[in-house]
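J.: Next up is a structure, given as structure tokens.
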């Protein structure tokens with residue numbers, strides 16, 4: 001017995017290595033046999049029946065193993081923690097570490113090109129070929145129907161905070177020439193469109209000096225600077241007096257990054273200032289149940305409404321991408337009613353839902369200001385078009 005123990009002792013390290021390496025494989029097999037296949041992960045290839053099947057199988061099997069190895073979530077979490085705290089890097093190319101404590105969304109896809117989401121909104125960005133024709137079509141359709149919408153194209157964080165970008169991207173993002181500025185200067189863009197579009201890059205670079213527009217760890221915008229942007233739109237679009245209602249009370253809280261799901265295991269927080277609606281006497285509703293009178297709102301989900309009895313008796317309609325929800329309550333100082341609906345799920349609406357939604361949204365044109373609001377990465381690259389083309393009058 002002692003001889004066996006001695007022999008095992010001499011090979012203990014090898015045994016432990018085999019066990020440690022084999023355990024994830026065993027867990028992988030157990031997981032594959034015990035649970036239905038996840039359509040979001042690589043699928044186990046079928047048994048090869050031909051030479052072509054055999055040659056195609058290795059990369060498919062490798063992809064399946066990468067997505068299903070035992071303890072995958074734990075190892076990803078540990079890898080994220082180690083890489084971030086030791087090297088100040090993220091395990092995913094979707095995030096970039098900037099300067100002065102700022103972090104950026106670098107790519108919209110884990111398989112996207114490095115810094116894809118940054119290049120598109122900074123100096124290398126070139127709008128899709130469909131952008132200008134659609135802007136002409138959109139404003140032409142609304143004007144023909146007697147409606148006068150405006151479009152706010154929100155510069156995103158890389159363009160507003162170029163000094164905080166990774167050093168190799170500072171010059172590109174500091175440029176004033178972007179995909180949006182090129183579209184606005186294009187002779188193909190009709191005056192009916194260009195005269196109703198605001199891209200406040202210079203203004204927001206100035207606003208950021210005294211008020212937050214983008215929290216340090218966020219992709220979306222938030223902060224007291226949004227009130228300044230709201231006031232800017234009132235002056236530029238509708239020539240409205242700015243001091244029409246008492247300022248909204250505000251509150252400050254520390255919250256997790258809005259892109260924290262991209263780097264599980266690392267906690268990034270930012271201080272965020274937002275309206276204290278209860279203290280301001282504003283009745284607020286956020287979420288799918290806010291519009292019982294229109295069924296489409298339950299499908300869209302990212303909807304909200306704000307009623308302020310102390311504000312001027314006028315309605316603001318905001319149709320947006322995901323940037324709309326944070327600025328909508330700031331407008332409650334200036335409008336008795338603010339109605340906001342995001343179009344991220346508009347493709348899920350039936351023709352009947354869309355018809356009912358259009359009737360509801362574009363009611364009372366004389367008493368309503370209409371604001372389309374999309375960030376630069378959405379307005380120039382078909383998010384605006386895909387979100388609103390079925391909504392045209």
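J.: So, in the stretch 310-343, how many residues would count as being assigned to a loop (DSSP other than H, G, I, E, B) and more than 17 Å from the chain's Cα centre (by Cα)? It would help to see each step written out before you state the result.
T.: Residues of the stretch 310-343 that are assigned to a loop (DSSP other than H, G, I, E, B), as a first pass: 310-314, 321-323, 334-336, 343.
Cutting the leftovers down to more than 17 Å from the chain's Cα centre (by Cα) gives us 310-314, 334-336.
Looking only at that region, the number is 8.
J.: Is one or more of the residues making up the stretch 160-183 touching a strand residue (DSSP E or B) at 6+ places or on another chain (Cβ under 6 Å), more than 30 Å from residue 393 (Cα to Cα) and assigned to a helix (DSSP H, G or I)?
T.: Scanning the stretch 160-183, I find no residue that is touching a strand residue (DSSP E or B) at 6+ places or on another chain (Cβ under 6 Å), more than 30 Å from residue 393 (Cα to Cα) and assigned to a helix (DSSP H, G or I), so the answer is no.
J.: Conditions: (1) touching a strand residue (DSSP E or B) at 6+ places or on another chain (Cβ under 6 Å); (2) surrounded by fewer than 20 Cβ atoms within 10 Å (Cβ to Cβ); (3) not in a helix (DSSP H, G or I). Residue 219 meets all but one. Number of the miss?
T.: (2)
J.: If you scan the stretch 272-289, which residues turn out to be surrounded by 15 or more Cβ atoms within 10 Å (Cβ to Cβ) and in a loop (DSSP other than H, G, I, E, B)?
T.: Here is the first cut: in the stretch 272-289, the ones surrounded by 15 or more Cβ atoms within 10 Å (Cβ to Cβ) are 272-275, 277, 280-282, 284, 286.
Within the stretch 272-289, 277, 280, 281, 282 meet the criteria.
To keep it simple, each residue is scored yes or no on (1) over 14 Å from residue 248 (Cα atoms); (2) in contact with a helix residue (DSSP H, G or I) (Cβ under 8 Å, 6 or more places away or on another chain).
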position: 270; (1), (2): yes, no
position: 281; (1), (2): no, no
position: 300; (1), (2): yes, yes
position: 315; (1), (2): yes, yes
position: 326; (1), (2): yes, yes
position: 336; (1), (2): no, no
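J.: Follow-up. Looking only at residues in the stretch 259-271 that are touching a strand residue (DSSP E or B) at 6+ places or on another chain (Cβ under 9 Å), in contact (Cβ under 8 Å) with a residue 24 or more places away in the chain and assigned to a loop (DSSP other than H, G, I, E, B), which one is farthest from residue 95 (Cα to Cα)?
T.: 268
J.: Among the candidates 367, 377, single out the residue that is surrounded by fewer than 16 Cβ atoms within 10 Å (Cβ to Cβ) and in the same structural domain as residue 277 (by TED's automatic domain parsing).
T.: Values: 377 fails: surrounded by fewer than 16 Cβ atoms within 10 Å (Cβ to Cβ).
Result: 367 is the single residue among 367, 377 that is surrounded by fewer than 16 Cβ atoms within 10 Å (Cβ to Cβ) and in the same structural domain as residue 277 (by TED's automatic domain parsing).
J.: Could you run through the stretch 310-328 and say how many residues are over 13 Å from residue 368 (Cβ atoms), in contact (Cβ under 8 Å) with a residue 60 or more places away in the chain and crowded, with 18+ Cβ neighbours inside 10 Å?
T.: Summing the residues that are over 13 Å from residue 368 (Cβ atoms), in contact (Cβ under 8 Å) with a residue 60 or more places away in the chain and crowded, with 18+ Cβ neighbours inside 10 Å in the stretch 310-328 gives 5.
J.: Is there a residue in the stretch 295-309 that is assigned to a loop (DSSP other than H, G, I, E, B), over 26 Å from residue 200 (Cα atoms) and either free of Cβ contacts under 8 Å to residues at least 12 places away in the same chain or not assigned by TED's automatic domain parsing to the domain that holds residue 181 (or both)?
T.: In the first step, residues of the stretch 295-309 are kept if they are assigned to a loop (DSSP other than H, G, I, E, B); the result is 295, 301-302, 308-309.
Adding the requirement that they be over 26 Å from residue 200 (Cα atoms) leaves 295, 301, 308-309.
Narrowing further to those that are either free of Cβ contacts under 8 Å to residues at least 12 places away in the same chain or not assigned by TED's automatic domain parsing to the domain that holds residue 181 (or both): none.
Among the residues of the stretch 295-309, not one is assigned to a loop (DSSP other than H, G, I, E, B), over 26 Å from residue 200 (Cα atoms) and either free of Cβ contacts under 8 Å to residues at least 12 places away in the same chain or not assigned by TED's automatic domain parsing to the domain that holds residue 181 (or both), which makes the answer no.
J.: Among residues belonging to the stretch 131-146 that are surrounded by 15 or more Cβ atoms within 10 Å (Cβ to Cβ) and touching a helix residue (DSSP H, G or I) at 6+ places or on another chain (Cβ under 7 Å), point out the one that is farthest from residue 169 (Cα to Cα).
T.: 143
The values are calculated or read from the model by the stated rules, or taken from the named source; none is laboratory data. For clarity, every value in this text was computed on a predicted model and none was experimentally measured. In this analysis, Cβ positions are derived from the backbone assuming ideal geometry, glycine residues included, and neighbour counts consider all displayed protein chains.
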